Amino acid sequence: MCFSAALMCVHMFQVESACTDQNYCRNQYDPNNKVFIRIHWGLTQVPTDIPTEAQWVNLENNAITSLPTGLLNNLTQCTWLSFKFNHISMIEQGVFDFLSNLEDLNLRGNRIFKIDRVWSGLNNLKVLNLGSNQITLVEPGAFDPLTNLEKLYFDVNNMSSIERGSMRGLHNLNTIYFRWNQISQISQGAFESLNSLEVLHLSSNKIHSIGPLWKGLNSLKVLYLFSNGMTLVEEGAFDSLTVLETLHLGGNQISSISGLWRFLPRLKILNLHSNKISHVEAGAFAALQNLQELSLSFNRLSNLDGVFEGLNTLTKLSLGSNLLSDIREGTFNSLFSLMEFRLENNSLATLTPDLLINLPRPLDISPSNQFSAEPNSWNCSSLCWLKHEEQHGTVRFLLDNNNLPPRCANGEDWSSLQCGAQGNANCETMLTLFCCSFMALPSIL
């Protein structure tokens, strides 16, 4: 973008000062890059001295209250226009009629409460930022002229619903942000014209239940639904999203996930952290043949029998902050591609070597967390094999987010725990002795 470069070679000119803050005021025009800047100037209306050849116009942090018809007619060359953080509450129809070259329009942080059909003339607009306003209503067909729009910001407004027809005409839209609204209802067909949409942000709303609402979203790859207070996801709710790759459902109150993943063959990332899931059926994720990351942290899981069947491509698994006190052998046998494994903040005391024997090496593990009220308190004398794997670099402890190596229940310090190469007294069982002897050899894994 020419904007950042322009600030380095800017040409200053003087106008009658209306500066509201000497620390932030800027009144500049760079004729080489055709950038006009007048910010923190206390402007109450669009200035009339903007050069007609200006391509970037920055009028942020002023006190402009309206955009009446005619005031922007001279900006026929403008491609980037920002009114961010003004007081705009009224936009007249026709105000953008002469801005056919405009590609990016920023109206974030104003006082707009309703979206009418005011976008005529913006045939080449690609980015429209309406975030942090007071929008409660979008008239059907309001965006009809924006046939080339690619990104739309609607975050931090007061929308309570998304009605059918409100997104009509946005056939080239790639990304839309609805996060941090009050949305509790989405009408059937609300997204039916968004054939090119790939990323949909609906997080931090009040969507308490989800059904098959996604008609028309044939290209959707990323769907964010976290922090909605959601309690119900209907069976088959996502069946139509056949190219979906990322699904975030964390931070809700979901207790059942039965029958939700049957037709998501391309899903790579599934985030279910911070819900109320206490039971997952055996093979629940088996249809997700391309899944790479799965987070089930901060739930109520105590049994994992058969849960991970078929997840041959999984590389990251998060099971922290559940109610796990025991994990049966064979639970992870199908995880041939796993590289990162999180177990912190459960009630586990030990891990047997053959529980992880089929997992690839090197393997990153987070076994403990120093801020947990009930961290895993390990019987470290049974983890001789894990100590040897750490020493040989085939197991590495993740120390991010205050994670620690295993915390020993008897007060032993993991770092000074002694395990001999062979026949160590801590290697009590034949299986553990085999593991210790094997790990004493040069690592070939």
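The table for this structure:
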| quantity | calculated |
| --- | --- |
| Qualifying residue in the stretch 354-372 (condition: part of a loop (DSSP other than H, G, I, E, B), outside the structural domain of Asn252 (by TED's automatic domain parsing) and among the basic types (Lys, Arg)) | yes |
| The lone exception for Asn205 - which of (1) touching a strand residue (DSSP E or B) at 6+ places or on another chain (Cβ under 9 Å); (2) of a type outside the set (Ser, Thr, Tyr); (3) buried (at least 21 other Cβ atoms within 10 Å of the Cβ); (4) in a loop (DSSP other than H, G, I, E, B) it fails | (1) |
| The stretch 233-245 - residue that is more than 19 Å from the chain's Cα centre (by Cα) and among the hydrophobic types (A, V, I, L, M, F, W, C) and, of those, farthest from Leu197 (Cα to Cα) | Val233 |
| Residue match in the stretch 335-350 (condition: under 28 Å from Ser227 (Cβ atoms), of a type outside the set (Asp, Glu), free of Cβ contacts under 8 Å to residues at least 40 places away in the same chain and touching a His at 6+ places or on another chain (Cβ under 8 Å)) | no |
| Flag for Gly121 being under 21 Å from Asp21 (Cα atoms), of a type outside the set (S, T, N, Q), in the same structural domain as Ile39 (by TED's automatic domain parsing) and surrounded by 15 or more Cβ atoms within 10 Å (Cβ to Cβ) | no |
| Residue among Leu260, Leu270, Leu223 that alone is hydrophobic (A, V, I, L, M, F, W, C) and assigned to a loop (DSSP other than H, G, I, E, B) | Leu260 |
| Set Trp41, Trp56, Trp80: member being in contact (Cβ under 8 Å) with a residue 12 or more places away in the chain, closer than 19 Å to Val127 by Cβ and touching a Ser or Thr at 6+ places or on another chain (Cβ under 8 Å) | Trp56 |
| Ser258 vs. criteria among the small types (Gly, Ala, Ser) and loosely packed, with under 14 Cβ neighbours inside 10 Å | yes |
| Strands (runs of 3 or more DSSP E) fully within the stretch 54-160 counting 1 or more residues that are modelled with pLDDT of 95 or more and more than 22 Å from Val35 (Cβ to Cβ) | 151-153 |
| Residue in the stretch 41-92 that is nearest to the chain's Cα centre (by Cα), counting only those that are at positive phi and surrounded by fewer than 21 Cβ atoms within 10 Å (Cβ to Cβ) | Phe85 |
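Quick grid of which residues meet (1) within 23 Å of Asn157 (Cα to Cα); (2) surrounded by 14 or more Cβ atoms within 10 Å (Cβ to Cβ); (3) over 15 Å from the mean Cα position of the chain (by Cα):
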site	(1), (2), (3)
Leu173	yes, yes, yes
Leu194	yes, yes, yes
Pro212	no, yes, yes
Leu225	yes, yes, no
Thr231	no, yes, yes
Val280	no, yes, yes
Gly283	no, no, yes
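The values are calculated or read from the model by the stated rules, or taken from the named source; none is laboratory data. Just so it is clear, the structure is predicted and the values come from calculations on it, not from any experiment. Note: ideal-geometry Cβ built from the backbone for every residue, glycine included; neighbour counts use all protein chains shown.
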